[in-house]
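The values are calculated or read from the model by the stated rules, or taken from the named source; none is laboratory data. Note that the coordinates shown come from a computational prediction; the quantities given were computed from them, not determined experimentally. A quick note on method: Cβ atoms are made from the backbone with ideal geometry, for glycine too, and the neighbour counts reach across all protein chains shown.
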Amino acid sequence: MRFIHTADWHLGKSLKSQSLIDDQRYILNTFLEIVDANKADAIVIAGDIYDRSVPPEEAVNLFDQILNELILERGLHVLCIAGNHDSEGRLNFGNKLFDNAKFHIRAKLTDNIEPVVLNDDFGEVYFSLIPYFEPSKVKVALNIDDDSELTFDEAAALLVKSARSKIPFGARSVAVTHAFIVGGVESGSERRLPGGAGRVSPYHFNDYNYTALGHLHGATLTDKKVRYSGSLLKYSFDEWKQSKSVTLVDIDGEGRVTINNDLPLIPLRDVRVIKGKVNDILDNEPDSDDYISVQYEGIIFNKQNTQLRKKFTNLLEVKPIDRVLSRAVEGARQLENISNIDLFCKFFKDTTNETMTNQELSIMTELIEEMERGD
């Protein structure tokens, strides 16, 4: 079985108010060329097809066009789940009907995670499609009727257990999910929970031959067979050093997996950060229509700003480096003047969105005082 793993298309995305739909259309045509060159049996899209729950019409039309190319023109199976940016209700429309047309989409959690079964020369391969989940919705989907609160990790364990119960022992299998797996690296364009509350252990997926992940935008192998493919494009300036690609996965008759992540996606326009003195940038950098963030040293004059915008036709951000640094220094100085207990109270509030009770405050104060005394 050969399939291409991709994720985080974010169709309809804008970067600093600049629409990226033309860039997305270009990169998806490149994606189709990769599909043709590698003769895959299926395409796996691990969530965040759209950038928001109500996507613009042009984003929906683009997805429709790509599905037609993959399914009707090439006869491929497309397996897809909802991510945290997608609307589960809208994306789930017609999923049972589409199954018969080689489009397998799962957007809503249920208590019955039936696998999608594809066949190759060696037999069946079972795909567990597990859409983005929140612990409270997992309790409802799995009919857990008690007052306990699940963590994301506990919720993932229950979902995987439910999914595995539908797969015959020893069968080749693939999990597809959208979550923050421990070992992944965040970037600025992903929605995150405070304090790492959403992290999930990769070991829940040990019984799968391969796990196709979505959510984090950098291609990452968190475990030898648990992988993020990364996003189609660079969707924030702190992703500018990332190289975007899709992952080619081969599973042989014995379930052995070969991963090839050397299938680069070369964009129509790059996303770059240029740092330095304004005059040096004007003198040494070539003209470009890439999406540019200029982070300059010293000061900038109106004339230089105009020259920068003429040189870089898609200049989206101009900001001083020293101002960025001064904010960090000022933040550090403020922390130096906060007591350890006040700092912990702030951390507790930021993480839980609740204020510590008097009992909790008393316990932590005593503990911190013991630590400061060296006890």
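Conditions (1) in contact (Cβ under 8 Å) with a residue 40 or more places away in the chain; (2) within 24 Å of residue 8 (Cβ to Cβ); (3) part of a strand (DSSP E or B), marked per residue:
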| position | (1), (2), (3) |
| --- | --- |
| 105 | no, yes, yes |
| 109 | yes, yes, no |
| 114 | yes, no, no |
| 125 | yes, yes, yes |
| 128 | yes, yes, yes |
| 140 | no, no, no |
| 149 | no, no, no |
| 160 | yes, yes, no |
Checked pairs for region 353-366, first closer than 16 Å to residue 339 by Cβ, second part of a loop (DSSP other than H, G, I, E, B), C-beta under 8 Å and 6 or more apart or across chains, list as 364/356
Enumeration of residues in region 346-375 that are under 26 Å from residue 151 (Cβ atoms), modelled with pLDDT under 80 and either in a loop (DSSP other than H, G, I, E, B) or of a type in the set (D, E, K, R) (or both) = 350, 353
Does region 28-49 include one or more residues that are over 18 Å from residue 98 (Cα atoms), hydroxyl-bearing (Ser, Thr, Tyr) and either at pLDDT below 95 or not assigned by TED's automatic domain parsing to the domain that holds residue 253 (or both)?
-> no
Only one of these is within 19 Å of the chain's Cα centre (by Cα) and modelled with pLDDT under 95: 140, 176, 185. Name it.
-> 185
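Of the residues 130, 167, 113, which is of a type in the set (Val, Ile, Thr), surrounded by 18 or more Cβ atoms within 10 Å (Cβ to Cβ), within 20 Å of the chain's Cα centre (by Cα) and in the same structural domain as residue 11 (by TED's automatic domain parsing)? Spell out how you get there, then give the answer.
On the way: 167 fails: within 20 Å of the chain's Cα centre (by Cα); 113 fails: within 20 Å of the chain's Cα centre (by Cα).
Step by step, each of 130, 167, 113 is checked, and only 130 is of a type in the set (Val, Ile, Thr), surrounded by 18 or more Cβ atoms within 10 Å (Cβ to Cβ), within 20 Å of the chain's Cα centre (by Cα) and in the same structural domain as residue 11 (by TED's automatic domain parsing).
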The helices (runs of 4 or more DSSP H) lying entirely within region 1-103 that contain at least 2 residues which are surrounded by 20 or more Cβ atoms within 10 Å (Cβ to Cβ), over 19 Å from the mean Cα position of the chain (by Cα) and in contact (Cβ under 8 Å) with a residue 60 or more places away in the chain are none
Residue pairs within 6 Å by beta carbon, gap of at least six or interchain, first lying in region 255-269 and more than 11 Å from residue 234 (Cα to Cα), second of a type in the set (Asp, Glu) and in a strand (DSSP E or B), listed first then second, are 258/250
When only residues in region 262-321 that are in a strand (DSSP E or B) and small (Gly, Ala, Ser) count, which is modelled with the lowest pLDDT?
-> 276
